[in-house]
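Q: Dumping the structure here so I can ask a few things about it.
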Amino acid sequence: MNFFDKLRDLGVKALINKAHAMNIRETGLTGGNLADSLCDAIEQNKTAVAAALNNADTDMVLLQVLERDPEAVMRGLTAAAAVLGTENKTLYVPENREELAETLRPLAGEYGVTVKSEFVNVRENENALLLHIATCADLAHAIEGDYTPGVWVSVDGGEVKRVTDGTKISDLCDLTGAKGLILGYEMRPVKDAALTVEETNLANGVVRVLREHDCVVAETQKRLLASRARSCGKCVFCREGLLQLEYEHREMTEGRGKQEYTDFTHEIGEAMAFSTPCTMGQNASKIALSAQDSFPQEFEAHIKKKKCPAAACVKLVNIYIDPRKCTGCCLCLHACPHGCIEGRPGYIHTVDDFDCTKCGECAKVCRDGALIITTGRVPHTPQRPTKVGRFRD
């Protein structure tokens, strides 16, 4: 029996009952139980079904579900449409994945699904039931009889895999040297590794360990910038909120942070969560809000002390050459892409701090450990050419 025959034999009520009995949850776009979403869509006379990632999902790890099993996504989307009695089915692929969209179109045509490579406009889809791509795959597997309850997870950018609800975060990753975690759209303290994947609400499947060399402020700024790049820019609260939040965090990483920025972050972030219509505005600010709540000491260091505890913010670190360790080998001199190191063979090298971009390329090639990256003061170094071994304070 083919898939379409199974749909006809099951009927609408049986499909909903199956989704309810198996407790299939909506992965990201709406949350909650899929059966409830289907019933609500019927009551609201929804006339279309659309499958997509969250608009706020800049990691896009759950796109692997579609890439590995596109037919399951098509079938789940078709089943949801059958429940609503509609033939209007759309699969949204991120706008930077047009090649993937083009690859999927022949298969989509077999199921009567339109494939679009664009941001999901929720206003244009107000009459559509919006489902996550992963939810559609889950529904298809439930109909086929091979559905396994659980949560889709990608650890540190690795392959997406299915884990049971009761799996603890600590069972999924190596916490050696960890100082925190990114769980879904939020930064959490490392103690939250004791939580289960169900308790952490991994709406985008992301689990990432933050270690001592990771700067919380810089990571927050990078993610806000990615959200700005992906946002459609049509909603004022989302557009202006992301612009302001990203600016404030960039200022912090460059030593120009102000104390009032922490208050502004909460004011703007909370307004975005309640005043925007799609997951971009609702979830993009969570990274900033949770980062400040979980790691206040890192923000205090950047704002008050103008220091980066992780030594990751290049504007807040110093690079110098230890005159007692330098052997005058010239490796760092040749490695510097901007010519900011002075010296010659057999002589102690020095860094021209005025032009140095602090890219760290010099430290990568130094075999003697003479290149020092520090958040503290730079000690006295030679002011004129000095032969190796002859430097005196």
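Taken together, the values in this text are just the output of simple stated rules run on the coordinates, not laboratory data. Treat the numbers as computed from the prediction; the structure is a model and nothing was measured. Positions of Cβ are generated from backbone atoms using ideal geometry, with glycine treated the same way; all protein chains shown enter the neighbour counts.
Q: List the residues, sorted by chain then number, that are 5 or more residues from PHE119 or on another chain and whose placed amide H is less than 5 Å from its amide H.
A: Close amide H contacts, sequence-distant or interchain: GLU95.
Q: Starting with the fewest neighbours, write out PHE354, PHE391 ranked by other beta-carbon atoms found within 10 Å of each beta-carbon.
A: On the way: PHE354 6, PHE391 15.
In increasing order of surrounding Cβ atoms, one gets PHE354, PHE391.
Q: With a sphere of radius 13 Å drawn around the Cβ of GLU110, what net charge do the other residues whose Cβ falls strictly inside it have (Lys, Arg +1; Asp, Glu -1)?
A: So the environment of GLU110 carries a net charge of +2.
Q: Multiply the residue separation of ASP69 and ASP165 by 0.36 nm, subtract the distance between their alpha-carbon atoms, and state the gained length in nm to one decimal. Write down the numbers at each step before the final one.
A: Numbers: separation 96, 0.36 × 96 = 34.56 nm, distance 2.18 nm.
That works out to 32.4 nm of additional length.
Q: Cysteines of the chain lacking any other cysteine beta carbon under 4.7 Å?
A: CYS39, CYS136, CYS173, CYS215, CYS232, CYS278, CYS326, CYS329, CYS330, CYS336, CYS359, CYS366
Q: Output the pairs from LYS168/LYS191; LYS258/LYS315; LYS307/LYS364 with a Cα-Cα distance over 20 Å in this structure; if there are none, say none. Numbers along the way, then the final one.
A: Working: LYS168/LYS191 11 Å; LYS258/LYS315 16 Å; LYS307/LYS364 22 Å.
Pairs exceeding the cut-off: LYS307/LYS364.
Q: Further question: Note the direction-averaged projected area, equal to a quarter of the hull surface, for the Cα convex hull of segment 301-351, in nm².
A: Details: hull surface 17.2 nm².
So the Cα hull casts an average projection of 4.3 nm².
Q: A further question follows. Give the Debye-formula value of log10 I(q)/I(0) at each listed q (0.12, 0.13, 0.30 Å⁻¹), with one equal scatterer per alpha carbon of segment 151-211, two decimals each.
A: -0.21, -0.25, -1.53
Q: Next up: Would you please give the residues with an amide H less than 5 Å from that of ALA51, counting only those at least 5 places away or on a separate chain, with H modeled from the backbone geometry?
A: Close amide H contacts, sequence-distant or interchain: THR90, LEU91, TYR92, LEU131.
Q: Sticking to Cα atoms, compute the Rg of the chain to one decimal and its Dmax as the biggest Cα-Cα distance, whole number, in Å.
A: 26.1, 89
Q: Using a Gaussian network for the chain with springs between C-alpha atoms less than 10 Å apart, which of these wobbles most: MET74, MET60, MET187?
A: Maximum among the listed residues: MET60.
Q: Still on this structure: Please rank HIS266, HIS213, HIS249, fewest neighbouring Cβ atoms within 10 Å first, as an exposure proxy.
A: Sorted ascending by nearby Cβ count, the order is HIS213, HIS266, HIS249.
Q: Now a separate question. For the residues CYS308, CYS329, CYS359, what sequence is obtained by ranking on other C-beta atoms within 10 Å, fewest first? Present the calculation step by step, with values, prior to reporting the outcome.
A: Details: CYS308 23, CYS329 18, CYS359 15.
Result, fewest neighbours first: CYS359, CYS329, CYS308.
Q: Cut-off under 18 Å on the C-alpha distance; same-chain residues fewer than 8 positions from LYS46 excluded. Which lysines are left, in chain and number order?
A: Result set, ordered by chain and number: LYS13, LYS89.
Q: Here's a follow-up. Work through the residues other than THR148 whose Cβ is under 10 Å from its Cβ and net out their charges, Lys, Arg +1 and Asp, Glu -1. Intermediate results must be reported in sequence, preceding the final value.
A: Values: positive: ARG162; negative: ASP138, ASP146.
In short, -1.
Q: So, counting K/R as plus one and D/E as minus one, what does the shell of residues with Cβ under 10 Å around GLY166 add up to?
A: Details: positive: LYS168; negative: ASP165, ASP171, GLU198, GLU199.
Net charge around GLY166: -3.
Q: Continuing with the same structure: If I take R0 = 22 Å and measure r between the Cβ atoms of PHE354 and PHE391 in this structure, what FRET efficiency does the formula 1/(1 + (r/R0)^6) give, to the nearest 0.05? The partial results should precede the final answer.
A: Details: r = 22 Å, r/R0 = 0.98.
After rounding, the FRET efficiency stands at 0.50.
Q: Once phi is turned into ³J(HN,Hα) by the Karplus curve 6.51 cos²θ - 1.76 cosθ + 1.60 with θ = phi - 60°, what whole-Hz value does each residue of segment 365-373 show in order, with x for glycine and proline?
A: Along segment 365-373, the couplings run 9, 5, 8, 10, x, 7, 7, 10, 10 Hz.
Q: For the chain, set up a Gaussian network in which alpha carbons nearer than 10 Å are linked by springs, and say which option among CYS313, CYS336, CYS238 fluctuates the most.
A: CYS336
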